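Taken together, the values in this text are just the output of simple stated rules run on the coordinates, not laboratory data. Just so we're clear, the structure is a prediction, and the values are computed from it rather than from any experiment. Cβ coordinates were reconstructed from backbone atoms using ideal geometry, including for glycine residues, and neighbour counts include every protein chain displayed.
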Amino acid sequence: MWINLTDVNGDHITLNFAHVVSFNPYGTGTHIVTTTAGLTFFVKETIEEIQRKVGITTS
């Protein structure tokens with residue numbers, strides 16, 4: 001699943017979420033870790049926004 005996000009510099013990125021290992025709060029945004037060694041992203045979207053984009057529901 002591909003999702004559109006905004007990096008901390010304001011640039012738009014498209015990320016294949018199938019390659020995401022974890023995503024954690026970082027400042028006012030989110031730190032995303034991928035399966036590619038050393039490839040991480042810092043994005044402006046919150047955990048909740050990313051969960052909505054990929055269809056993750058919380059109880």
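Site pair N16 and H31 shows an inter-label distance of 2.5 nm when each label is modelled 7 Å from Cα along Cα→Cβ. Only one of the listed values, (i) 1.00; (ii) 0.93; (iii) 1.57, was derived from the coordinates as Rg/Rh (Cα atoms, Kirkwood Rh); which label is it? Correct label, based on the coordinates given: (ii).
Think of it as helices only: each DSSP H run of n ≥ 4 in the chain is worth -39500 (n - 2.57), and spread over all residues that comes to -3500 deg cm²/dmol at 222 nm. Computed on the chain, with alpha-carbon pairs under 8 angstrom and 6+ residues apart, the relative contact order is 29 percent.
In terms of other Cβ atoms within 10 Å, I56, I32 run from fewest to most in the order I56, I32.
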